[in-house]
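Peer 1: Let me give you the structure first, and then I'll get to my questions.
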Amino acid sequence: MTSPPLAALRKEVAPALDLLTVPQVMARLQLGRSTVYDLIRTGQLASITLGRARRIPTQALTDFIRTRLAQEAA
């Protein structure tokens, strides 16, 4: 049995592993540090902790933005 090419694996795994730091989220949303942490604390923005580092999956940021857009449209 042969394994799939490395490029094919990267396409499947890469989106799931794309994590942002809090400063990167701050820049993308143009918000301050405490606001981003408040969004995380209140559960509006999903995140994971790796050791002492907080990371936000890009999919969580996308979901947050879509949810906010839907709320604004309603």
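What follows is calculated from the coordinates using simple rules that are stated; it is not laboratory data. This structure is a prediction, so every number in the text was calculated from the model and none was measured. Positions of Cβ are generated from backbone atoms using ideal geometry, with glycine treated the same way; all protein chains shown enter the neighbour counts.
Peer 1: Could you pull out every residue, at least 5 positions away or on a different chain, whose amide H is within less than 5 Å of the one on R54? Hs are placed 1.01 Å off N in the peptide plane, and Pro or chain starts have none.
Peer 2: Under 5 Å from the amide H of R54: no residue qualifies.
Peer 1: I'm checking a number: the convex hull volume of the Cα atoms of the stretch 18-73, normalised per residue, in Å³. What is it?
Peer 2: 76 Å³
Peer 1: Could you go through the stretch 58-70 in sequence order and give the Karplus-derived ³J(HN,Hα) for each residue, using 6.51 cos²θ - 1.76 cosθ + 1.60 with θ = phi - 60°, rounded to whole Hz, and x for Gly and Pro?
Peer 2: 4, 5, 5, 5, 4, 4, 4, 5, 4, 4, 5, 5, 5
Peer 1: Next question. Quick one: net charge around L19, please, counting Lys, Arg +1 and Asp, Glu -1 for every other residue with C-beta under 15 Å from its C-beta. The partial results should precede the final answer.
Peer 2: Details: positive: R28, R52, R54, R55; negative: D18, D63.
That works out to +2.
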